[in-house]
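Enquirer: Before I ask anything, here is the structure I am working with.
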Amino acid sequence: MRVLNTDLSGVMRIELESFSDHRGKYTETYNEDAYKRAGIDVHFIQDDISFSKKNVLRGIHGDQETYKLVSCLHGSFVLIVVNNDSESEEYKKWITFNLSGDDEIQILIPPKFGNGHFVTSDDAIFHYKQNTYYNPKGQFTIMWNDPEYNFVWPNNTPILSKRDELGKFE
């Protein structure tokens, strides 16, 4: 496993190792001791998966306390991670990643950062681990098309939830 810093402080790219042979491929996706040895001392307590079809955009969501460890299990998507910490020098800065079920890449997203993903394949499975239980009341939403951020998505006509259309829970 290789852990790499990115252009946003605290956001890390993790490159996993896999083993392939005539049967297929094997990848260890998480081992708490190995992550601690790599400097990631986060105790994850909840795993979530979303299955989405092409052109679905989910997010940009986050909260003030949750670490997320994001990966693509199947298909492909564009992931945007945004610093939403008003005390940070990097406030409102964002970074893009292209994730695929064919690679062994994870992105560690710290608290106070939002993330959203746009599915570029026919369908995709988005997986993430969290160090807190989901709390909708603690969530923030950044509009996917907010002109102040000038996000770059694969297209400008995504399939959205009501929350992502309106920028809030109803």
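Enquirer: Residue by residue through segment 99-107, which ³J(HN,Hα) values in whole Hz follow from phi under the Karplus form 6.51 cos²θ - 1.76 cosθ + 1.60 (θ = phi - 60°), with glycine and proline marked x?
Expert: 10, 9, x, 7, 10, 10, 10, 10, 10
Enquirer: With a cut-off of at most 10 other beta carbons within 10 Å, and DSSP calling the residue loop, which GluC sites (Glu not before Pro) in segment 1-52 qualify? Please list them.
Expert: 17
Enquirer: Per residue of segment 153-167, in order, report the coupling 6.51 cos²θ - 1.76 cosθ + 1.60 (Karplus, θ = phi - 60°) as ³J(HN,Hα) in whole Hz, putting x for Gly and Pro.
Expert: 10, x, 7, 9, 10, x, 8, 10, 7, 4, 4, 7, 6, 9, x
Enquirer: I need to check one value: relative contact order of the chain, counting alpha carbon pairs closer than 8 Å and at least 6 residues apart, in percent.
Expert: 30
Enquirer: Now, a different point. For a quick check: sort 29, 157, 96 by the number of other beta carbons within 10 angstrom, fewest at the front. Present the calculation step by step, with values, prior to reporting the outcome.
Expert: Values: 29 15, 157 8, 96 12.
Sorted ascending by nearby Cβ count, the order is 157, 96, 29.
Enquirer: Here is the link list: 68/137; 53/93; 54/112. Which ones come out longer than 22 Å on Cα distance?
Expert: 53/93; 54/112
Enquirer: Return the single residue from 79, 16, 57 with maximal mean-square fluctuation; model: Gaussian network over the chain, springs between Cα atoms under 10 Å.
Expert: 16
Enquirer: Can you list which of the chymotrypsin sites (Phe, Trp or Tyr not before Pro) found in segment 82-124 are DSSP loop residues with at most 16 other C-beta atoms within 10 Å? Intermediate values should be presented prior to the final figure.
Expert: Values: sites: 91, 94, 97, 113, 118; in loops: 91.
Qualifying residues, ordered by number: 91.
Every number here is computed from the coordinates shown, using simple stated rules; none is lab data. Remember, it's a predicted structure, so these values are computed and weren't measured experimentally. A quick note on method: Cβ atoms are made from the backbone with ideal geometry, for glycine too, and the neighbour counts reach across all protein chains shown.
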